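Everything on this sheet refers to the single structure shown next.
Every number here is computed from the coordinates shown, using simple stated rules; none is lab data. Keep in mind the model is a prediction, meaning the values are calculated, not measured. Using ideal geometry, Cβ is built from the backbone for each residue, glycine included, and neighbour counts are taken over all protein chains shown.
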Amino acid sequence: MINIKLLPAYLFILAVSNAIAGGVVVIGHADVGKLDAATVQKIFTGKLIQVEGIEVTAVNLKPGPLRDRFLQTFLNQTEDKYTIYWAKRLFVGKGAPPLELSNTADVIKFVRSTPGAIGYVDEADVLPEVHVIVR
């Protein structure tokens, strides 16, 4: 039984542990340097295609919880808004949305093997050989 007086403390601990466990990190090919969140936003919205002379290729996960966390954290958007944004850009000929891959393992493989590639994974899935460019 939970002591009602301790409920705020329990809720705080739960929120903090979820935030720590749910971190999203942006990863990149070894040729991509460290980036800031604003640059990541521009890349994933098609407004930036080169960083320091390197052509960048963004890759998304299929819609789901991790993609939702990425969109909220780095783009301040929902899945619906992001989909509509790309539908409009595609319609007026201003680019196509990033390639979508099925799972984190595919994102890591694509990013590690494709020069200029940038993707995102859950912080828990980061391996030592993965190049993290934004935490």
* Structure fact -> Loop-resident trypsin sites (Lys or Arg not before Pro) in the stretch 38-110 with no more than 15 other Cβ atoms inside 10 Å, DSSP not H/G/I/E/B, are K47, K94
* To do: Give the Debye-formula value of log10 I(q)/I(0) at each listed q (0.19, 0.29 Å⁻¹), with one equal scatterer per alpha carbon of the stretch 65-109, two decimals each.
  => -0.69, -1.06
* Asked: Tell me, what ³J(HN,Hα) does each residue in the stretch 38-51 have, in order and in whole Hz, if you take phi through Karplus 6.51 cos²θ - 1.76 cosθ + 1.60 with θ = phi - 60° and put x for Gly and Pro?
  -> 5, 5, 4, 4, 5, 5, 6, 10, x, 8, 9, 10, 9, 10
* Ordering of 57-64, 115-122, 33-40 by burial proxy (mean other Cβ atoms within 10 Å per residue, highest first) -> 115-122, 57-64, 33-40
